[in-house]
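Visitor: Below you will find the structure I want to go over with you.
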Amino acid sequence: MAAAGRPQQEKSIDDWLPINSRKAKWWYSAFHNVTAMVGAGVLGLPYAMSELGWGPGIAVMILSWIITLYTLWQMVEMHEMVPGKRFDRYHELGQHVFGDRLGLWIVVPQQLAVEVSLNIIYMVTGGQSLKKFHDVICDGGRCGGDLKLSYFIMIFASVHLVLSQLPNFNSISAVSLAAAVMSLSYSTIAWGASLHRGRSADVDYHLRATTTQGRCSASWEA
């Protein structure tokens with residue numbers, strides 16, 4: 001019934017570029033959610049804790065967990081609303097709330113800003129990781145000449161260019177599974193190595209910044 005009431009233009013867009021094949025399994029969403037939420041930023045938590053301190057750091061971490069859980073619950077409730085209109089793209093939701101023209105102007109610029117900045121960050125970070133791996137494996141120039149960082153960034157970007165040609169979201173389920181396994185793996189390595197090393201003799205739990213201005217700036221950075 002919901003599909004019958006959809007405008008022909010929306011149906012044509014979905015037929016041409018579907019978000020997914022509507023044949024996904026429930027564990028696909030598990031892969032995608034783990035990959036989306038457990039990113040490389042998890043490795044920056046120790047730095048954030050050192051800038052905030054134990055009390056504020058734990059409080060902010062619990063607050064962020066509550067906010068994440070609440071937003072996930074909202075998204076599930078929105079998708080389970082029957083009867084209701086299903087929105088597969090952010091701009092469709094913006095157009096439904098603010099109108100066809102204003103919704104695009106509010107949502108699309110923010111999407112582009114986030115997507116472009118994230119793409120740049122991850123291309124550079126991925127290239128740096130590949131170069132670091134190359135330098136470790138080829139220590140002492142055993143693999144030939146020294147490659148520039150820009151080459152590794154291009155290699156990383158080329159892989160993403162190939163993956164971007166996949167037809168729908170379900171097509172990257174294997175990629176999301178591999179990413180989820182890697183996310184859990186490096187997170188486990190981080191806390192496992194810390195437990196194995198134990199407490200350092202000269203550890204200092206005081207705030208890194210000493211001035212009020214420095215502490216305020218460090219709090220925002222964390």
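A short reminder: the numbers here are calculations on the coordinates, not readings from a lab. Keep in mind that what you see is a predicted model, and the values were worked out from it rather than measured. Quick reminder, even Gly has a Cβ in these numbers, built from the backbone with ideal geometry, and neighbours come from all protein chains shown.
Visitor: Tell me the relative contact order for segment 38-190 as a rounded percent, counting alpha carbon contacts under 8 Å between residues six or more apart.
Guide: On the way: 54 pairs, mean separation 36.4, N = 153.
Across segment 38-190, relative contact order equals 24 percent.
Visitor: Out of segment 45-95, which GluC sites (Glu not before Pro) are coil in DSSP terms and have no more than 10 other C-beta atoms within 10 Å? Could the numbers behind the result be given before it?
Guide: On the way: sites: 51, 77, 80, 92; in loops: 80.
Answer by residue number: 80.
Visitor: Counting each pair of different Cα atoms once, what's the Kirkwood radius of segment 25-221 in Å, rounded to one decimal? Display every interim value, and only then the final one.
Guide: On the way: mean 1/r = 0.0477 Å⁻¹.
After inverting the mean inverse Cα-Cα distance, the result is 21.0 Å.
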